[in-house]
Amino acid sequence: MTVFFFYYFSDYKNHIKKRYIYMKLNIEIPTSLKDITLRQYKKFLKVQESVTDKRFLNAKMIEILCNVDLKDVMLLRVADSQEIVSIVSKLFDEKPDLVTRFKLNNVDYGFHPQLDDMTLGEYIDLDTYIGDWENMEKAMNVLYRPVVVKLKGRYNIAEYKIDTESVLLDMPMSAVMSSIFFLWNLGLDLSRIMTNSLDKQETEILQQYLNSQENGVGINQFMDSLRGTLQDLKISLN
């Protein structure tokens, strides 16, 4: 949603002549989580961790999530800035349906169509990074990959590759949030699924990995990470 703000400013030149300056601010306010990228959200989280002044945090939210120069944000009326913050904040109250496909850089990405066929490496990376906003793109790299085959509404995705996650920093937050909610609502028992799909040697390796985790094992740790992630998703300005 593009909104134009019109302002008149008074200015005194040499303290004698008064003149009026006309300014138009063009601000694109996101109306859906698909209008916000993971990169933007992570950037705002970093600011939120270090800034305690609510007014400045509001300004940074508009700057980052609406792509506006901070100097222009400071020209907004207080009422206008509060309205923008309210609109954007409410987006994070959404519980979106699972986003199975999205376009990024003209590439069609699809959600993992067969979670029970995940490899051991995929499982470990998803389990490791799903609760870590600093590395959330690595978890998303497991869940979303380029679509390589499409047939009658079905699709297959590319093989899992590490070191390709940086592209997903520009994926929409609608996909990020919806996939997290999906896993949470599904109550995904990854340890059971993985045990059923791996051979004996791989199962033993998986069990060693699960037993090596410091704060619980398997699905318990995974769901704890999801719970913490969901709690962190809502933007707080308090």
request  = Output the peptides 171-178, 36-43 sorted from most to least packed, where packing is the average of other Cβ atoms within 10 Å over each peptide's residues.
outcome  = 171-178, 36-43
key: For E28, distant residues with modelled amide H under 5 Å away   = V3
query = What FRET efficiency comes out for the pair L75/D117, r = Cβ-Cβ distance, R0 = 41 Å, nearest 0.05?
reply = 0.15
task = Compute the FRET efficiency between R154 and K103 as 1/(1 + (r/R0)^6), taking r as their Cβ-Cβ distance and R0 = 22 Å, and round to the nearest 0.05.
result = 0.75
key: Rounded FRET efficiency, nearest 0.05, which uses the C-beta distance separating T164 from L45 and R0 of 30 Å   = 0.85
Cα gyration tensor category, rounded, prolate or oblate, for the range 100-152 with a/c compared to 1.5 = oblate
ask   = If the label point is 7 Å along Cα→Cβ of W184, which residues in the range 51-94 have backbone nitrogen under 20 Å from it?
value = 88-94
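Each value in this text was obtained by applying a stated rule to the coordinates, not by laboratory testing. Quick caveat, the model's predicted, so the values are computed rather than measured. Note: ideal-geometry Cβ built from the backbone for every residue, glycine included; neighbour counts use all protein chains shown.
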